[in-house]
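Only the coordinates and a few stated rules stand behind these numbers; no lab work does. Given the structure is predicted, the values throughout are model-derived calculations rather than measurements. Positions of Cβ are backbone-derived with ideal geometry, glycine not excepted, and every protein chain shown enters the neighbour counts.
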């Protein structure tokens, strides 16, 4: 009779351990939605303190890189990371935030949904794009590129497409005159 109770206890312990490991492995992801917006407290990575804050006027020049091998991991706002989706990581913008990312090489501009934290390495990097976003922007082969990142409030239909992992409506390309100006500002470090 005791071996039966031991077997039940063993199975119960095994079930609990399995559930705990599943939780650590990233089960129970947050649904992809825009509320609640997560700002979060200050945090430190590699000796640098980051202070998340809402900034509707955010407009920066710097460098973008991309990531994609983390597919299936949990993002900083609790969603499942999907490398093919048009998402990004940013150190301080609220999660989620919508940004326009413009390649200073090509003038191509895309709309991206920020749902994760990063980049935490690389001088001048201001955003990490998912593999899907890097492909859409045309920088995947380069690995990194000079960009402009601006917070925007896109139409609901574009937000809905991004929440479903699809690209938003195509954005107009930036003129060569404006690109030359932005490249000069980035080189001079005036922004």
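Here the contact order of region 43-188, divided by its residue count and restricted to Cα pairs under 8 Å and six or more residues apart, works out to 31 percent. From the Cα gyration tensor of region 33-124, with a ≥ b ≥ c the square roots of its eigenvalues, which class applies: rounded if a/c is under 1.5, or else prolate if a/b is larger than b/c, or else oblate? The shape class here is rounded. First check a/c for region 43-188, with a ≥ b ≥ c the square roots of the eigenvalues of its C-alpha gyration tensor; if it is under 1.5, answer rounded, and if not, answer prolate when a/b is larger than b/c or oblate otherwise. Taking the square roots of the gyration eigenvalues as a ≥ b ≥ c, region 43-188 is rounded.
With a/c under 1.5 counting as rounded, go ahead and sort region 51-95 into rounded, prolate or oblate using the C-alpha gyration tensor (a ≥ b ≥ c being the square roots of the eigenvalues; past the cut-off, prolate if a/b is larger than b/c, else oblate). It comes out oblate by the Cα gyration axes. With each label modelled as a point 7 angstrom along the Cα→C-beta vector, the residue 43-residue 69 pair spans 2.1 nm. Here the simple spin-label model places points 7 Å from the Cα toward Cβ, and for residue 54 and residue 28 these points are separated by 2.9 nm. Restricting attention to region 43-188, close to 75% of DSSP beta bridges with both partner residues there are antiparallel.
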